[in-house]
Every structure is written in C-alpha cells, then in structure tokens.
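FYI, it's all coordinate maths here, none of it is from the lab. Only a predicted model underlies this, so the values are computations on that prediction, with no experimental measurement involved. Cβ placement follows ideal geometry from the backbone for every residue including glycine, while neighbour counts extend to all protein chains displayed.
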Amino acid sequence: MRAAHVHRLKPIRRSPAVHVPSRAESRGRRRLRWSVQCMAILAPIACGTKTVTGPVPPVSLEPQATFTAPATFPSPGGSCQPLVTAQLAGPDGSGLTWTGMGIHVHGSNFDDFDEDLDLAFVQRFWNSVGLTPGESLSANSMAFATITDTTVVTMRFYYVLSGQPDTLRDSVITACTP
C-alpha cells in the first residue's frame, strides 16, 4: 500500500493590507462622486437669490409703536365701545409718553364730530402715562351713544418716543355696526 501523497501548500505571500473594491463598491463610489459634483454645479442655480451673499442687514433699534383695532365692531344693543390695543417694541430703556388724543366720529347719530382731547383724558383712557418696550395695553373706555346705523370712529393718538424730539401721531379706524 502506498502512502497518500500530501501536498504541502506553500505559504501565501501577503501584501500590505490593501483593499481591492468590488464592482458594487466601485459603482457606489462613482455614484457618490457624481452626486457631489452635480450638487456643486447645481446648488448655486437651484438656490438662486436665496443664497447669502453678504453680512446680515442691521436690525432697527428704534422704538416702534403699533396701534390696532378691529375693522368692524359689532355693537349689539346699539352701544359703540371699540377696543383699541397699543404695543411698543424697542430696546431696553426706551419708552412712549402720551401727549394727547383725538377722535372723529361719523354716523347717523353724529354730524362729523371731531375733537382733540387733552393729556389728562388720554392718560385716563389708557390708564397709564406711557408704554415701555414689550408692554401692551388695551382700552375700550370710550363709549358712544346708542347707534342706529354704521358709525365710523377714528381715534388719533399723539405721543413721543424716547430719543426722538418730535410728537408722533397714529390712528385707528373702526366701524361700529348695530
């Protein structure tokens, strides 16, 4: 009997650790590279004017007053008493100080009533001497006689903002409906 011949395998010569990518890996890398190149080319076109091209614009630090009232104010029972809101936005330390108020009323019960009111009246109307930043006031302390037809009320507010020498004027208009 003959002994089985055993082949001795030669040791495999190993090269440094180099990974040879498979076809699938190569295809994936090509796709990724293509996607990145397309994004680099198409991004400026796709973004258009939405790209940032300079520094951020300065933010206004001036105090700003806002007055609002509903466009129409239902007056069930005929009493017209519109709600007005005032707000002040601005940096800390700024403020609004009332200097006066005026009203103009036009409707079936009124013959274009128009009058400027004094400082004491506007302070009673708002129950304050002014506003500070972030503060909001609402008032409906002015009522008009029983109305029988749509009555348009314009309220004018005169005030001074801190740091500004001039008296400013804002108004709101609302229509009271019976």
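Summarising the amide proton neighbourhood of E135: residues at separation of 5 or more, or on other chains, whose placed amide H is nearer than 5 Å comprise L88. Amide H contacts for T72 (H built 1.01 Å from N in the peptide plane; partners 5 or more residues away or on another chain; cut-off under 5 Å): A175. With the largest listed first and rounded to whole Å, the semi-axes of the equivalent ellipsoid of the stretch 64-177 from the Cα gyration tensor are 28, 14, 11. Residues whose amide H falls under 5 Å from that of S79, counting only those 5 or more places apart or on a different chain, are I147, with hydrogens built in the peptide plane.
Roughly how many nanometres apart are two label points built 7 Å out from the Cα toward the Cβ at L61 and T148? With each label point 7 Å from Cα toward Cβ, the separation is 5.8 nm. Over the stretch 58-108, the ratio between the Cα radius of gyration and 2.2 N^0.38 Å evaluates to 1.62. The 3J(HN,Hα) values that the Karplus relation (6.51, -1.76, 1.60; θ = phi - 60°) gives for the stretch 151-162 are, in residue order, 10, 9, 10, 10, 10, 9, 10, 10, 7, 10, 9, 4 Hz. Gly and Pro appear as x.
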